[in-house]
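One structure below.
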Amino acid sequence: MKTLILYYSGTGKTEIVAKTLSSQLSGDLLKVTDHKERNSFKSRIRSAIDAFRENKTKISPKKLDLDDYDLIYVGTPVWMTNPVPAIITAIDTYNFKGKNIVLFATMKNVGGNKAIKRMDEKFQSRGARVINSFTIKTQDKNTSQITGDTLSVIRLLNLNSNL
Ligand SMILES: Cc1cc2nc3c(=O)[nH]c(=O)nc-3n(C[C@H](O)[C@H](O)[C@H](O)COP(=O)(O)O)c2cc1C
């Protein structure tokens, strides 16, 4: 059974989680990128509005063949207690039908569970099955702390048993 870790990351925190999952679970790693500039102060306000309204965006890859994968981890930062526009767009663009999905979200402090719930609803309506999920708080944490938190979650949820 092949595993894919699909994620978006603006400032690198979700990427730390994704890379840890990839190395621990021997999963392929794929970063979804957003064609919109998201890092300046001005664009952060725009990003917050886009996330709040669940606006779609242009992403790469535009198309994705998921035939090889049975299990797909999907990770997002939390923006305004929602998944980011790139992940909302990915869920609506790629064909996840029949796939087992594990959701993860990183956030400073609040909104992770709401973002997970929203992704769960969207995946269910697209014929995918969400089999597990987790959130990781990233505020004031460095790389090794986020890596450590991810390793704890892998142990706690027994994610290795999906292999
Ligand atoms: C536009 C925007 C909105 C955000 N909204 C929230 C939020 O609602 N709750 C929260 O705890 N953190 C929020 N954050 C912080 C990010 O979720 C957090 O820093 C996350 O770990 C970043 O992941 P990344 O480094 O992979 O982009 C927001 C950040 C941005 C840029």
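What follows is calculated from the coordinates using simple rules that are stated; it is not laboratory data. Note that the structure is a prediction, hence the values are computed from the model and not measured. Please note: Cβ atoms are built from the backbone with ideal geometry, for glycine as well, and neighbour counts cover all protein chains shown.
Odds and ends about this structure:
- The Stokes-Einstein estimate for the chain, based on a Kirkwood radius over Cα pairs and taken at 37 °C with 0.692 mPa s viscosity, is a diffusion coefficient of 210 µm²/s.
- Across the stretch 14-29, computed HN-Hα scalar couplings (Karplus, 6.51 cos²θ - 1.76 cosθ + 1.60, θ = phi - 60°) run 5, 5, 4, 4, 4, 5, 5, 4, 4, 6, 6, 10, 6, x, 5, 10 Hz from first to last residue, x flagging Gly and Pro.
- The stretch 124-163: mean projected area of Cα convex hull, nm²: 4.0
- Scaled against 2.2 N^0.38 Å for its residue count N, the alpha carbon radius of gyration of the stretch 83-139 is 1.11.
- Only helical runs count toward this figure. For the chain, summing -39,500 (n - 2.57) over DSSP H runs of n ≥ 4 and dividing by all residues gives -12000 deg cm²/dmol at 222 nm.
- Under 5 Å from the amide H of Lys36 lie the amide H atoms of Lys58, each residue being 5 or more positions distant or on a separate chain, with H modelled from the backbone and absent for Pro and chain starts.
- Cα centroid separation, the stretch 79-138 to the stretch 1-49: 12 Å.
- Highest average packing first - 109-117, 79-87, Cβ atoms within 10 Å: 79-87, 109-117
- The stretch 116-131 - phi-based ³J(HN,Hα) in whole Hz, Karplus 6.51/-1.76/1.60, Gly and Pro as x: 5, 4, 5, 5, 4, 4, 5, 5, 4, 6, 9, x, 9, 10, 7, 9
- Charged-residue dipole, Cβ positions (Lys, Arg, Asp, Glu), the stretch 2-162 about Cα centre, Debye nearest 20: 480
- Sites matching trypsin sites (Lys or Arg not before Pro) across the stretch 10-42 that sit in DSSP coil, with at most 15 neighbouring C-beta atoms within 10 Å: Lys36
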